[in-house]
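Some notes on the structure that comes next.
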Amino acid sequence: MRGTLPLYATGLALFAIATSTLRAQALGSADERARELLSRMTLEEKIGQLYLPHNDADDNALRAGALGAILNASDPARSDKMQRIAVEESRLGIPLFFGRDVIHGYRTIFPIPLGLACAWDEELAREAAAISASEAATGGYNWTYSPMVDISRDPRWGRIAESFGEDPLLASRLGAAMVRGYQTPQEGLPAGMAACVKHFAAYGAAEGGRDYNTTLVPERELRDVYLRPYRAAVDAGVFSVMSAFNDLDGVPCTGNEWLLNKVLRHEWGFEGFVVSDWMSTVEMIAHGFCADEGEAALRSLKAGTDMEMVSKSYINETARLIEEGRLDLSTLDERVLSVLRAKFAMGLFEHPYRTPGREGVILSKEHKDAAYRAALQSAVLLKNEADILPLKAGAKVAVIGPLADAPHEQLGTWCFDGRDEDSITPLSALRDKLGKGRVVYAPGLEYSRDESRAGFAAALKATKSADIVLFFAGEEAMLSGEAHCLADIRLPGAQEELIKELATSGKPIVLILMTGRPVVIGDIEGHAQAILAAFHQGTMAGPALASLLCGEVSPSGRLPISWPRHVGQIPIYYNHKNTGRPPKPEEFVPINQLPRMQKQTSLGFTSAYMDISPLPAYPFGYGLTYSSFSYSKLERSSATMHMGGGIEISATIRNEGKQSATETVQLYVRDVTGSVTRPVRELKDFRRISLAPGEERRVSFTLNSSQLAFTGLDMREIVEAGLFRVWIAPDSASGLEGSFELLP
Ligand code: BGC
């Protein structure tokens, strides 16, 4: 059965609104126009639409219609020229897509997606994407390879930095919001910049966190966890989907007919186009799935990959495949139609050129303010012993650590267009805010992997001269991102040693983590009175961190991932199954405290390690503020819910502290018994609320039976009657607990 018509269709509706009704009628629908155009195309022109080269294209190739899009064409004047040749000098005048990885900003760099996810704020994600699109348009781009919504449960995987973390609901909401943001009408285009959701599918499940690695995800888990955010992006009207590099249960995604044709198109009703990842078509040869380029082209065309990125198997092989009768012309036509339809729906035929002279939007005050707000919201306060933060008035601070003044590193991964010189670092922002006299700077280490102790003495001296240490620890930008995976995710270089050295001074230490992943904090946790996880926050990291540290704004970020204590715990995620023998965290005894000569049965028989607690260092959803909130009076509108109906679950949240702060109230559910086992908790909704000291608010969530659906034994979505537990909670490991019964 076909899914509901995706919002993609609203692209058409917007298109009709953007032009006059009369004109829209004259133009007909994108589909009709695409079919009409297709009927006039030669075989070479059809194949050309499916080719996506990078950097530049030959003028003659453009005139011949030998390509459909171009990636990373970085000179806007040349891009404009190329578009003019394609539109004005080729036989059919088909405009090109100009693609770019605009992942977390173009010139105004926002926090990396993992950081942005900490804000749990769809409107912020939408705004960041809309700003990115408006700046990227000045570079001549009309298509971005974002959002990446791959669920990631493994911080060793470098691309966790680009993800929204481990939860399908959070990733769905943020991914859909970014699609709406990029595709905001702009410059006459009904969808300003076409988004591309990636990497379809389950790329984040790479075994061992090694990029490009095999993924083995059973279909039920695929549907219930991994596929949900891509589906949300499709429902939000995303124009394109990128097929992933990985093989999924033995079938590379780019040649996976089940995934692309059955699930994406047939079940979900996707009407945009699928682009391969970089050479992922011909990489099916290395996978051992295709013998040669001809077979690679055949399998990916048949599977439903419309456009080939960089490699040329379609260009080189398609005509021969048709001639030999191995590929039907109708299959090729379907692929071409997908691309043409998107170009018509985008409005590219009417608005092929980007308006010149709009560079003023770049790094505008409005854009920097938004990046500042995003950075503020993306910092997660993990620890704040004895309210050591915010800094006390008049305190003298020692600014230490390799990330304190590292303009390049704070931008994070995937930053083609951001410039180091636009970054404001924590050091410069603190000097501005506190005055130079109150800031003594001694980095201690020159860069994150630095192993030299040469700067230790100066750092210790600075520490002794100050009241408190602000240690800006972290990872260089290049330690995360594509193909940048790590087996050891502790702070690199001699950072741990330096922190221990500074701790000998007895001065309190605030650890600010500027990383691309949750790093294992290990035993330095005990040396830090406060820990602020900031990730790589982009251009405005400095001003945002300075405001937070000085207490002008309370931290409000929440973890979108479970933060591991030890690399050996991975994968560790909150929405796991219970097992028949769940661990008992309260009974955990560190291995060195176990008595000798114990019997085999001494520890009971539960699913746990002997040498590390079963709990993460910090759970999914966790984050402190400078205030504290109480949760009380959990109520449900009814003890029972009817199939097709819903109930209200509410609680009172009160700011018990002395400062205004923002709390992210989370709704979790557990389906106690199912025809298949169900997770111990699943996030169903969340709401950010800001409360003044002493203020309280009743927060009410509507929970419908459709939100309780999962994939049943026959792989169809079902909702099963029975008992459900429900929590309104500040994080995934605590909260007020209630229950209700879903009646058949
Ligand atoms: C990455 C994609 C990216 C593409 C184009 C690939 O290597 O996996 O995420 O969009 O390159 O740069």
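What follows is calculated from the coordinates using simple rules that are stated; it is not laboratory data. It should be emphasised that the depicted structure is a prediction, and the values quoted were computed from it without experimental measurement. Using ideal geometry, Cβ is built from the backbone for each residue, glycine included, and neighbour counts are taken over all protein chains shown.
Tabulated data for the structure shown
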{"item": "FRET E, pair R91, A483, Förster distance 35 Å, beta-carbon r, rounded to 0.05", "result": "0.30"}
{"item": "Axial C-alpha extent at least 20 Å, average Kyte-Doolittle at least 0.5 - helices from the chain (DSSP)", "result": "168-182, 329-346"}
{"item": "Estimated inter-spin distance, R581 and I612, nm [label 7 Å along Cα→Cβ]", "result": "2.0 nm"}
{"item": "Value of relative contact order over segment 636-726, rounded to a whole percent, pairs C-alpha under 8 Å and six or more apart", "result": "37 percent"}
{"item": "Gain upon complete extension [R40, I285; 0.36 nm per residue less C-alpha separation]", "result": "84.8 nm"}
{"item": "Highest average packing first - 496-506, 580-590, 278-288, Cβ atoms within 10 Å", "result": "278-288, 496-506, 580-590"}
{"item": "Protection proxy ranking, peptides 538-545, 308-315, average beta carbon neighbours within 10 Å, highest first", "result": "538-545, 308-315"}
{"item": "Cβ-based exposure ranking for I424, I85, I521, I400, in which fewest neighbours within 10 Å come first", "result": "I85, I424, I521, I400"}
{"item": "N316-I388 FRET efficiency (beta carbon distance; Förster radius 45 Å; 0.05 resolution)", "result": "0.10"}
{"item": "Sum of side-chain charges, I103 neighbourhood, beta-carbon under 11 Å (Lys, Arg +1; Asp, Glu -1)", "result": "-1"}
{"item": "Residues H266, H104, H527, H199, sorted so that the one with the fewest Cβ neighbours within 10 Å comes first", "result": "H266, H527, H199, H104"}
{"item": "Above-threshold pairs, the threshold being 20 Å between Cα atoms, out of K577/K599; K262/K577; K46/K312; K436/K658", "result": "K577/K599; K262/K577; K436/K658"}
{"item": "Neighbourhood charge, 11 Å Cβ-Cβ cut-off, centred on R78 and excluding it, Lys, Arg +1 and Asp, Glu -1", "result": "-2"}
{"item": "For peptides 218-230, 636-648, sequence by mean Cβ density within 10 Å, most packed first", "result": "218-230, 636-648"}
{"item": "Using a Förster distance of 56 Å, the FRET efficiency for A458-K262 (Cβ separation, nearest 0.05)", "result": "0.35"}
{"item": "Antiparallel content of DSSP bridges confined to the chain, in %, to 5", "result": "55 percent"}
{"item": "Relative contact order for segment 299-382, counting Cα pairs under 8 Å that sit 6 or more residues apart, in percent", "result": "26 percent"}
{"item": "Label-to-label distance, nm, for residues given as E552 and E656 (7 Å Cα→Cβ offset)", "result": "3.0 nm"}
{"item": "Pairwise label distance in nanometres, N60 with S364, each label 7 Å out on the Cα-Cβ vector", "result": "4.4 nm"}
{"item": "Cβ-defined net charge surrounding A721, 11 Å radius [Lys, Arg +1; Asp, Glu -1]", "result": "-3"}
{"item": "Those lysines that a straight Cα-Cα span of less than 21 Å connects to K500, excepting residues fewer than 8 apart in one chain", "result": "K383, K396, K461, K464"}
{"item": "Difference of contour (0.36 nm per residue) and Cα-Cα distance, Y353 to E737", "result": "132.6 nm"}
{"item": "Spin-label proximity, R419 to segment 527-569 - amide N less than 13 Å from point 7 Å beyond Cα toward beta carbon", "result": "none"}
{"item": "Added length on full extension, which subtracts the Cα-Cα distance from 0.36 nm per residue, R84 to N592", "result": "175.7 nm"}
{"item": "Taking K507, K577 and counting other C-beta atoms within 10 Å, the order from fewest to most", "result": "K577, K507"}
{"item": "Beta bridge orientation in segment 629-743: antiparallel %, DSSP, nearest 5", "result": "95 percent"}
